[in-house]
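Since every read-out is calculated from the coordinates, none of them should be taken as a lab result. Everything quoted here is computed from the prediction, not taken from an experiment. We place every Cβ from the backbone using ideal geometry, glycine too, and count neighbours over all the protein chains shown.
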């Protein structure tokens, strides 16, 4: 039996893919149900063509201002955790153009695999996840930012991305709901990048749906079950120590978000995964002719807007500030201000909005870790997806499954494989 630790979007996707391929699977989480952590109310964008790493030369140049600005969308708050400083140093080292280009290539390859895998999954029964293939606009406030986006667009075109640079008027044609804001502030934007293939979906609904589908395939779940340690021998992990007793296993997948670093440490391996805190509101849209239809990212405000049925999911901020998930009123005030500026007539910015904060499990390079653990032969890692968890989940699950199949073939070769090896 393969035990998957973590029932966020990455863990649920991993369990579903493995169950789909006929493995005996158990999905565990300390929470009362799936999608209760970082996947509960994330930005809702399936950003298949917008995966540029957070660490970049542009971010490095902006860091002094961001560190000093009280309400900066990206914030580093020092703690007494040595892992924060280790992660921060690795982040600074990743702010190189060569690393950004390499990371972008890796992430695009994974995102395209994810897009194709999710499309394949959704042919398997009902998927009530609020899915829409409605495209995305990335809006730029100044010419320097717009030129940078054009440069990235041309780089990504060679890697298979379909994107177009648009004028302000062309952006309004794609999303008429932006018109009221631009009438009030005609110079708010200079243009944007349009990506027709990007989508939206509700990550928590996706977690719930994945769990229903994997149960139908014979998999089991254990919620309210915290993993506290491991029973090991020379062959690897033989059982999980949990709050509900020991659970025997043949293999383990760590997909527990930010908790994966601690679990990996118990098995003797350091993972460069640290929480990056984000905030969101889910606000009701006003019944007008110009309600938001497409997904929008406002680069100046570092804020994303994703229409989910009759509501607008608005997510923002990136705080490297430890493991706390306290709701900061001033951050939600910033989000409401952004909504009022971008959609003054289409969204009720003063509604309750179900305030939420979550911890994105990020690597310094933004590239997730999907491989077999170095120190344990039957433990696999699917961690570190940061803000791209929902975008990359399906592809990461497919890649994880491939990794398990390949490593098991190496560990337990068939007689034919052994004969070919001897003959070779």
Quick P(r) readout (the stretch 64-201; Cα-Cα; 10 Å bins; whole %) gives 9, 26, 31, 27, 7, 0
On Cα atoms only, tilt of 82-93 relative to the major axis of the chain in degrees: 60
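In µm²/s, what is D for the stretch 2-411 at 10 °C and 1.306 mPa s, where D = kT/(6 pi eta Rh) by Stokes-Einstein and Rh is the Kirkwood radius from Cα pairs?
Result for D is 73 µm²/s.
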Within a Gaussian network of the chain (alpha carbon springs, distance under 10 Å), most fluctuating of 358, 268, 191: 268
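In percent, what relative contact order does the stretch 259-347 have, based on Cα pairs under 8 Å that are 6 or more apart in sequence?
Values: 121 pairs, mean separation 28.6, N = 89.
About 32 percent, as a whole number.
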Taking the simple approach of a point 7 Å from Cα along Cα-to-Cβ for both residue 354 and residue 67, what is their distance in nm? 3.8
Spacing of the two label points (7 Å from each Cα toward its C-beta) at residue 323 and residue 122, in nm: 3.6
Indicate, rounded to the nearest 5 percent, the antiparallel portion of the DSSP beta bridges found entirely in the chain. 70
Measuring from the longest principal axis of the C-alpha atoms of the chain, the long axis of helix 203-216 (C-alpha) lies at a number of degrees, nearest 10, equal to 30
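Okay, helix-only estimate at 222 nm for the chain: each DSSP H run of n ≥ 4 adds -39500 (n - 2.57), divide by all residues, round to 500 deg cm²/dmol; what do you get?
Working: 12 runs with 156 residues, N = 424.
Theoretical 222 nm ellipticity from helices: -11500 deg cm²/dmol.
How much length, in nm to one decimal, is gained on full extension between residue 212 and residue 243, taken as 0.36 nm per residue of separation minus their Cα-Cα distance?
On the way: separation 31, 0.36 × 31 = 11.16 nm, distance 2.41 nm.
Full extension from residue 212 to residue 243 adds 8.8 nm.
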Distance between Cα centroids, the stretch 259-297 to the stretch 125-175: provide it in whole Å. 20
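Please state the shape class of the stretch 277-390: rounded when a/c is under 1.5, otherwise prolate if a/b exceeds b/c and oblate if not, all from the C-alpha gyration tensor.
Working: a/c = 2.84, a/b = 2.12, b/c = 1.34.
Because a/c hits 1.5 or more and a/b exceeds b/c, the stretch 277-390 counts as prolate.
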Of 343, 279, 270, which is the most mobile in a GNM of the chain whose springs link Cα atoms less than 10 angstrom apart? 270
Does anyone have the angle between helix 57-68 and the longest principal axis of the chain? Alpha-carbon axes, 0 to 90°, nearest 10? 70
Taking a label point 7 Å from the Cα of residue 287 along the Cα→Cβ vector, which residues of the stretch 295-313 have an amide N closer than 18 Å to it? 308-312
For residue 179, placing the label point 7 angstrom along Cα-to-beta-carbon and taking the stretch 290-326, residues whose amide nitrogen sits under 18 Å are 290-295
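When you count, for each residue, the other Cβ atoms within 10 Å and take the mean per peptide, how do 193-203, 359-369 rank with the highest first? Mind dumping the intermediate values first?
Details: 193-203: 22.8, 359-369: 24.5.
Those peptides, ordered most packed to least, come out 359-369, 193-203.
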For the stretch 198-321, inverting the pair-averaged 1/r of distinct alpha-carbon atoms gives a Kirkwood value in Å of 18.3
Once you put a point 7 Å from the Cα of residue 234 and another 7 Å from the Cα of residue 269, both along the Cβ direction, what distance in nm separates them? 2.1
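When only C-alpha pairs under 8 Å and at least 6 residues apart count, what is the relative contact order of the chain, in percent?
Working: 899 pairs, mean separation 113.8, N = 424.
Rounded, it is 27 percent for the chain.
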Where is the GNM fluctuation largest for the chain (alpha-carbon springs, 10 angstrom cutoff): 309, 125, 324? 125
Counting other beta carbons within 10 Å of each residue's own, what order do 252, 10 fall into, fewest first? 252, 10
Order of 16, 189 from fewest to most other C-beta atoms within 10 Å? 189, 16
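Mind sorting 9, 129 by how few other Cβ atoms lie within 10 Å of their own Cβ, fewest first? If you can, show how the numbers build up before the last one.
Numbers: 9 32, 129 21.
Least crowded to most crowded, the residues run 129, 9.
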Give the average over all directions of the projected area of the C-alpha convex hull of the stretch 210-262, one decimal, in nm². 4.5
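In nm, what is the difference between 0.36 nm times the number of residues separating residue 341 and residue 105 and their Cα-Cα distance?
Values: separation 236, 0.36 × 236 = 84.96 nm, distance 3.43 nm.
Using 0.36 nm per residue and subtracting the Cα-Cα distance, I get 81.5 nm.
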